[in-house]
Every structure is written in structure tokens, then in C-alpha cells.
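In what follows, a structure is listed as C-alpha cells, so that the remarks can point back to it.
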């Protein structure tokens, strides 16, 4: 809420999508990038229908973690999906990419529950033919899919306490053709062309959930295809801990987008004294 208030203090309208499937029976299509990006852009369209809001057609997308992946896909599809809107920039906080690397990282981490959530969410998005759960989950894993519709993350963690990834997963999804295709379709690492809107990636240098090297690889790939990109790493900050110290810097960057400042932005972030700020080589 403090960050939302800081954004509102700029005179900006703040919208937030509830994502398809949230708050209704059945699973939401967790990590289905295009679905989440459409939901995010649609809520901007909805705001513009409120006459008293006087909303322009200019917008910026910010998301963190799952929302960071959403932001990446909003960058990718925004111009084609909503040509009447002007996407001025995207801020992606700790966006998941390099799914094979993250899969290996999460298997033995305290955050391994994300793997079950991803399996259930992508199955919901693509169906049993394209994303068959019985090819990647054990009978125990299949049983726990039902838990995803009963509570939020803390509940899932409780239900999986003491259960290893090996007890839940029976097949490497990256070696199963159907799942390989689905995972590739939702990994920003496979974006193949740049877009006009600039991108800012923000991450904590001590991120315990998304390996910092994954956004480094992503940035290198996107620079390679010609995307306008900046990446700010805040040393010592955790996955969620980076949000507060980067908030003022992010707001400055967003304000510059609305003001028409050149890209990449010449602004030097000041939320910490040791921020590693990089741009694509010219």
C-alpha cells in the first residue's frame, strides 16, 4: 500500500488485475504469460471506461516476481494486443525466466512449492492434451494439485511440509515434448524481436527465489535482439526486500517515460550507494 500511495502521489491512475481465475472456483493459469499480460492490459482499458478518471491512453506496466513475468509478456504483446494504448515502458521486478535453471534451483529449495503451482497453473491454461500432469507428477503430486484451489501460498507450503520434490515429480518436464513446448512459450528468454517500449529489470542481489544470474542471461539475450533495456541490481536485497529501496528509483524512471526522456534513461538510481546499473552495449 505505501508503494501504491507513492504512485498515486504522482497524479497517476493505478490499476491492478486480479488475473483470470482468481477468486473463483478452479485454478488460475499461473505463469501463463500471455493470459496474465492480457488481463493486465485489459484492466487499463477498463479504467479508461470510467469517465471521471480522465485516464489517458499512456501507460506503464510494473510487476514483481510472478508479476515480473507478466510485465515481460505485456512488453511483448502490448503493441499488438492493444494498439489504441501507448505502452511507454515496462518495469519487471525479478522476472522468472530461464525456466530450466530455475527448476534445478527450486527442486531442493524451501520454495519448491512453486513447481507444483506452475504445473497446476499451466495445466489449467493449456489443458490435459498440451500439459498432461500425469507425465510430470507422481500420484502423490497429482493428489496435492487439489490443494492449489484451497488456499494461498502459505497453505500450500503447510500441505507440502516434509515432502521432497522427488516424491512429487516423476519426470523432467524439459525432456517431455509437450511440456517443453509449453514452458518455452512462457519463458521470456525466447522472445525473438525487440519492441519500442523500454524495459527496466530490477532485482535484489541476494534474491533467494529467482537466481540473479537468470536475469543476467535474460538481459544478455534481450540486448542481443536489440531491446532497449536497463538492469538494476541492489546488492544485499532479497527477493521481496528489493521493492522498498528501489521504489523511488523506479518512480523516477516511470516519470521519465511519461515525460518523454530519452532511452536508455540517463538517470542513475540512488536507492542504495552500490547499485549495479547496466544497459545494453551501444
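The values are calculated or read from the model by the stated rules, or taken from the named source; none is laboratory data. Being a predicted model, the structure only gives us computed values, none of them experimental. A quick note on method: Cβ atoms are made from the backbone with ideal geometry, for glycine too, and the neighbour counts reach across all protein chains shown.
Couple of notes before you dig in:
- Residue 106 meets the stated requirement of being assigned by TED's automatic domain parsing to the domain that holds residue 147 and buried (at least 17 other Cβ atoms within 10 Å of the Cβ).
- Considering (1) surrounded by fewer than 18 Cβ atoms within 10 Å (Cβ to Cβ); (2) modelled with pLDDT of 95 or more; (3) in the same structural domain as residue 33 (by TED's automatic domain parsing); (4) more than 19 Å from the chain's Cα centre (by Cα), the lone condition that residue 269 does not fulfil carries the number (1).
- Filtered residues of the stretch 2-52 (kept if on the phi > 0 side of the Ramachandran plot and either assigned by TED's automatic domain parsing to the domain that holds residue 122 or out of contact with any helix residue (DSSP H, G or I) (no Cβ under 9 Å at 6 or more places or on another chain) (or both)): 11, 23
- Qualifying residue in the stretch 66-81 (condition: over 27 Å from residue 194 (Cα atoms) and out of contact with any helix residue (DSSP H, G or I) (no Cβ under 6 Å at 6 or more places or on another chain)): no
- Here residue 188 meets the list (1) within 21 Å of residue 104 (Cβ to Cβ); (2) surrounded by 13 or more Cβ atoms within 10 Å (Cβ to Cβ); (3) free of Cβ contacts under 8 Å to residues at least 24 places away in the same chain almost entirely, failing just condition (3).
- Residue 264 vs. criteria assigned by TED's automatic domain parsing to the domain that holds residue 14, closer than 28 Å to residue 57 by Cα and at pLDDT below 95: yes
- Among the residues of the stretch 120-143, just one is over 24 Å from residue 181 (Cα atoms) and touching a helix residue (DSSP H, G or I) at 6+ places or on another chain (Cβ under 7 Å), namely 140.
- Residue 171 exposed (fewer than 13 other Cβ atoms within 10 Å of the Cβ) and in a loop (DSSP other than H, G, I, E, B): no
- Selection from the stretch 105-121 of residues that are farther than 16 Å from residue 140 by Cβ and either outside any helix (DSSP H, G or I) or more than 17 Å from the chain's Cα centre (by Cα) (or both): 105, 108, 109, 110, 111
- Within the stretch 213-243, the set of residues being under 18 Å from the mean Cα position of the chain (by Cα), part of a helix (DSSP H, G or I) and either crowded, with 16+ Cβ neighbours inside 10 Å or without any contact (Cβ under 8 Å) to a residue 40 or more places away in the chain (or both) comprises 214, 215, 216, 218, 219, 220, 221, 222, 243.
- Any hit, the stretch 199-212, residues being touching a helix residue (DSSP H, G or I) at 6+ places or on another chain (Cβ under 6 Å), crowded, with 18+ Cβ neighbours inside 10 Å and in a loop (DSSP other than H, G, I, E, B): yes
- For the stretch 65-86, the criterion of being surrounded by 24 or more Cβ atoms within 10 Å (Cβ to Cβ) and not in a helix (DSSP H, G or I) is satisfied by no residue at all.
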